[in-house]
Each structure stands twice: as C-alpha cells, then as structure tokens.
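Note sheet for the following structure.
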Amino acid sequence: MKIAVIEDDFLILKEAFNYLNIVYYENNLDVINFSRTQDIYPFELIYEFDVVFIDVSLHRKSESDGLSFLKRILNEKKPTKSLPKIGIITGANNIKERMNELEIGDIPILNKPLDFNDLRKIIG
C-alpha cells in the first residue's frame, strides 16, 4: 500500500508510521514523505497513492498550505481516477472552522501527537 505524507517535519511522525508498518502491516506500507506540495509533481502523482496524509501548516517554502492543497485534490478529481483516502494532520485546534470556510467535506483529522488507532482507521 502506497502512502504519501505531506509534512515538512516528518521526523516527528516517522516513528509512528514505522511502528504501524512493522506491527500491523507486515512491512507492506510504502510511506513516502513530501515536505512541500510542489514536490508532488506532476500533480496527478497524487492518484498513485492509496492514502494521503496532509499537514495543515506546511513550511513557508511550500507553494500552498495543507488545506489549500487538499481543496485542489478535491476540486481537480479526475473522472478516471479514484481519490485516495485522505487524512489531515494538525497541531491546531480550530481546523474544523477553517475546513468549513473552505467548504471541505468531512475529512478525518489527526491531532499531533498521532494516535496509532486513528492512523489505522484511515489506512484500513
């Protein structure tokens, strides 16, 4: 299973994904980190992943923040490609309000530090 993690500080999450991969997924997870949204090029590369986790507040060197990138994924959905499962990673408390402002539907939110069970629910 291919998982994209769009996170500018992946080191704080890496151990959680490594643990899950070993304990629950028999090392069958291929977790790839992108520290900036523009690192996913061409954009259609996003559809090659089964699951995408997006950090809300990406580094200022990223072309867009996590929610704007998520909005792009949802708006540019290709009819011949299915959307990957998506989870939002955040340390912020008011993220639901911002999602409502951007008219982003019901996407699972994972608060840092990550909970293994929440990760597993999204990965499947």
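Results, tabulated for the structure shown:
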read-out	value
Residue within the stretch 49-62 that is open to solvent by 10 Å² or more (accessible area, probe 1.4 Å), of a type in the set (V, I, T) and closer than 18 Å to K2 by Cα present	no
I88 vs. criteria farther than 17 Å from D9 by Cβ, in contact with a Pro (Cβ under 8 Å, 6 or more places away or on another chain) and at pLDDT 90 or above	no
Qualifying residue in the stretch 98-116 (condition: within 11 Å of the chain's Cα centre (by Cα), modelled with pLDDT of 90 or more and open to solvent by 90 Å² or more (accessible area, probe 1.4 Å))	no
Residue within the stretch 1-11 that is touching a His at 6+ places or on another chain (Cβ under 7 Å) and either over 18 Å from I122 (Cβ atoms) or at pLDDT 95 or above (or both) present	yes
Failed criterion for D30 (all others in (1) touching a strand residue (DSSP E or B) at 6+ places or on another chain (Cβ under 7 Å); (2) closer than 21 Å to D118 by Cα; (3) open to solvent by 70 Å² or more (accessible area, probe 1.4 Å); (4) modelled with pLDDT under 95 hold)	(4)
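The values are calculated or read from the model by the stated rules, or taken from the named source; none is laboratory data. The structure presented is a predicted model; accordingly, all values stated were derived computationally and were not measured. A quick note on method: Cβ atoms are made from the backbone with ideal geometry, for glycine too, and the neighbour counts reach across all protein chains shown. Each accessible area value is taken on the protein alone, full model and side chains, heavy atoms only, with ligands, DNA and RNA left out. Shrake-Rupley method; radii C 1.70, N 1.55, O 1.52, S 1.80 Å.
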